[in-house]
Each structure stands twice: as structure tokens, then as C-alpha cells.
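Working notes, structure below.
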Amino acid sequence: MTLKYFPGVFLEKPEGAFYTIVKLPVKDSEDFCQWLLTDFRYKNETVMIAPAAGFYGTKGMGKNEVRIAYVLNCNDLEKAIEILRRALVEYNRK
């Protein structure tokens, strides 16, 4: 499974970095990232991602984007993507 097939998600293929900036179908990525850490669990696990606004020099940029590092092995990365997919569904229902 890959993030590019999630509804409302947009990302470009990274060019040599160990992270990527991903546009998510959320209004406030800071709120979403906080919610992931404090309120969401799938099989008693969650993922930690960073709101992308802090990586931009222009105010207001990155409001619905996150920075995702992908330094995990393939199995852990697939599990993290599934957790993120389920989190997006639940978050957007609330």
C-alpha cells in the first residue's frame, strides 16, 4: 500500500531524502499530528509525523501538510502507512 492512493493525499516522489512532505485531507495538520499522538491507536500503536508549516518560510504554507520520515524497514513502513490511513478516516469523521 502506498500513500498516493489515499483519497485527498498528494505527494511527490522524494529525490534522495529520507523524508517527504505530504498534503493530507485535513484542515490543520498540527491538530491532526497532536490527535495522532494523544487520541488515536490502531492495534495499540500510532505514528508520529510532523506538521509541515514549520518547514516553510512563508506564513500559512504547509497548514494541511506533514513531514514524514521513512527510515523504517519495509514491514514497519507498511504498518505505519496502514495506521496513517486508518487515522485519516477516523479523524475526518469527527
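Listing for the model above:
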| quantity | calculated |
| --- | --- |
| Among (1) closer than 19 Å to Lys13 by Cα; (2) surrounded by fewer than 18 Cβ atoms within 10 Å (Cβ to Cβ) - the single one Lys79 does not satisfy | (1) |
| Flag for Val22 being touching a residue at least 12 places away in the same chain (Cβ under 8 Å), out of contact with any Pro (no Cβ under 9 Å at 6 or more places or on another chain) and in a strand (DSSP E or B) | yes |
| Evaluation of Gly16 against (1) out of contact with any Phe, Trp or Tyr (no Cβ under 9 Å at 6 or more places or on another chain); (2) in a loop (DSSP other than H, G, I, E, B); (3) modelled with pLDDT of 90 or more (one fails), failing number | (3) |
| Number of the condition not met by Leu36 [criteria: (1) assigned to a loop (DSSP other than H, G, I, E, B); (2) out of contact with any strand residue (DSSP E or B) (no Cβ under 9 Å at 6 or more places or on another chain); (3) buried (at least 17 other Cβ atoms within 10 Å of the Cβ)] | (1) |
| Residue satisfying all of: in the range 17-33; farther than 15 Å from Pro7 by Cβ and either touching a His at 6+ places or on another chain (Cβ under 8 Å) or charged (D, E, K, R) (or both); surrounded by the fewest Cβ atoms within 10 Å (Cβ to Cβ) among these | Lys27 |
| Evaluation of Ala52 against (1) surrounded by 12 or more Cβ atoms within 10 Å (Cβ to Cβ); (2) hydrophobic (A, V, I, L, M, F, W, C); (3) modelled with pLDDT under 90 (one fails), failing number | (3) |
| Pairs with Cβ under 6 Å, 6+ apart, first in the range 71-93 and touching a residue at least 60 places away in the same chain (Cβ under 8 Å) and under 19 Å from Asp39 (Cβ atoms), second of a type outside the set (Gly, Ala, Ser) and assigned to a loop (DSSP other than H, G, I, E, B) | Leu84/Val47; Arg85/Phe6 |
| Residue within the range 52-65 that is in contact with a Cys (Cβ under 7 Å, 6 or more places away or on another chain) and either small (Gly, Ala, Ser) or assigned to a loop (DSSP other than H, G, I, E, B) (or both) present | no |
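The values are calculated or read from the model by the stated rules, or taken from the named source; none is laboratory data. Just so you know, these numbers come straight off a predicted model, no measurement behind them. Here the Cβ is made from the backbone with ideal geometry for all residues, glycine too, and neighbour counts use every protein chain on show.
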